[in-house]
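Below you'll find the structure, written out as structure tokens, and then a few comments.
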Amino acid sequence: MPEFLLTLIRSIGAFILLLFMARVMGKKQLSQVTFFDYCVGITIGSIAASMSVDQNIKISNGLMALIIWGLFPIILAFAGLKSKTFLRLTDGKPSIVIENGEVKERNLKKNQMAIDELMLLLREKNIFKLSDIEMAVLETNGQLSVMKKTEQQSVTPTTLGMTVDREHGPTIVIMDGTLLEKGLLALGYSKEWLLGEIKKYGALDFGDVFLAQIDSKGNVYVDLYDEKTTTPVIHKGSLLVDALEKVYADLESYSKQTNNSGAREQAVSLQNTILNMIPYIK
């Protein structure tokens, strides 16, 4: 077999195995990289690269090494879940480097961190004065967690004793000209209501919209395709029908959520009114 073809096959095999291992090992490798995780990642990559190009390494030996180095972090992670002592042995433990506005020199030396490095991490948190800090903790992944003193913390509605409406995350309802009806119905809105909203931005149909998003208050963000940004002429009669259809959609949604028969009857009546009006105003 030609050498380049053998290298191709070995590289594809190593890539597939690496992809599988990355999925099995989870997201911790990216989001919470400790020194041990960093060493494991480099070792796995080095083994895969050597197995791809070094013909002296048997494929079976390379695959076995990859599997072993891939299984070790998983086994250690499960052991860490069962024993905090074992977790501290493998990942270490956080260190308090600032407490009550005072720098803990001993903990800085223990973690081999210079003052300049500490100030750099603080500036990344938009903190420039040590006197503003109540506590700073150096985490096991090298990140610095900071708690400001009470008088330096941002004012929130809770601080002021105010009650605010609870919000949910915004939902994308149109993506690349395609209506995501499942997400729209989960919010309690209808296609007719959404169509009326996007028409206000100059769209004629869902296919004219590149991206549309609805927040918890029912506000709609609409982004049209670049070539369709010209706003067409919209007759007042059409806007009236759209407004009535929005009211109908709200009534319909309310009746389904509350099982209110009166709201349902009003929605049906409004729908009949809209149908009767359309020939005269469109």
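The values are calculated or read from the model by the stated rules, or taken from the named source; none is laboratory data. All values reported here derive from a predicted model rather than from experimental measurement. Glycine gets a Cβ as well: all are built from the backbone with ideal geometry, and neighbour counts include every protein chain shown. Areas reflect the complete protein model, heavy atoms only, side chains present, ligands, DNA and RNA absent. Shrake-Rupley method; radii C 1.70, N 1.55, O 1.52, S 1.80 Å.
When K149 is tested against the conditions (1) in contact (Cβ under 8 Å) with a residue 40 or more places away in the chain; (2) within 23 Å of Y254 (Cβ to Cβ), the lone failure is (2).
The selection criterion, being charged (D, E, K, R), loosely packed, with under 15 Cβ neighbours inside 10 Å and assigned to a loop (DSSP other than H, G, I, E, B), holds for R166. Here the range 88-109 is the region considered, the condition is being modelled with pLDDT of 90 or more, part of a helix (DSSP H, G or I) and open to solvent by 30 Å² or more (accessible area, probe 1.4 Å), and the residue that is farthest from T150 (Cα to Cα) is K109.
Anything in the range 1-56 that is modelled with pLDDT under 80, outside any helix (DSSP H, G or I) and either farther than 27 Å from G92 by Cα or not basic (K, R) (or both)? List them, or say none. Residues satisfying the conditions are M1, P2, G26, Q32, V33, T34, Q55. Among the numbered conditions (1) in a strand (DSSP E or B); (2) open to solvent by 40 Å² or more (accessible area, probe 1.4 Å); (3) not acidic (D, E), the only one that A212 does not meet is (2). Since G207 meets every condition but one in (1) surrounded by 13 or more Cβ atoms within 10 Å (Cβ to Cβ); (2) closer than 18 Å to L184 by Cα; (3) modelled with pLDDT of 85 or more; (4) in contact with a helix residue (DSSP H, G or I) (Cβ under 8 Å, 6 or more places away or on another chain), which condition does it not meet? The failed condition is (4).
For the range 141-152, residues that are part of a loop (DSSP other than H, G, I, E, B) and open to solvent by 90 Å² or more (accessible area, probe 1.4 Å) total 1. Screening the range 255-279 for residues that are under 21 Å from L187 (Cβ atoms) and exposed (fewer than 14 other Cβ atoms within 10 Å of the Cβ) and picking the one that is modelled with the lowest pLDDT gives Q257. Only one of the numbered conditions (1) surrounded by 14 or more Cβ atoms within 10 Å (Cβ to Cβ); (2) free of Cβ contacts under 8 Å to residues at least 40 places away in the same chain is not met by L138, and that is (2). Among residues of the range 182-201 that are aromatic (F, W, Y) and in a helix (DSSP H, G or I), those with a Cβ under 7 angstrom from a residue that is at pLDDT below 85 and open to solvent by less than 20 Å² (accessible area, probe 1.4 Å), sequence gap 6+ or separate chain, pair up as W193/A249.
Of G80, G62, G70, all but one fail to be open to solvent by less than 70 Å² (accessible area, probe 1.4 Å), touching an Asp or Glu at 6+ places or on another chain (Cβ under 9 Å) and touching a residue at least 12 places away in the same chain (Cβ under 8 Å); the exception is G62. Residues in the range 114-135 that are assigned to a loop (DSSP other than H, G, I, E, B), surrounded by 12 or more Cβ atoms within 10 Å (Cβ to Cβ) and not aliphatic (A, V, I, L, M): K125 only. Looking only at residues of the range 235-254 that are in a helix (DSSP H, G or I) and surrounded by fewer than 14 Cβ atoms within 10 Å (Cβ to Cβ), we find that the one that is modelled with the lowest pLDDT is K236.
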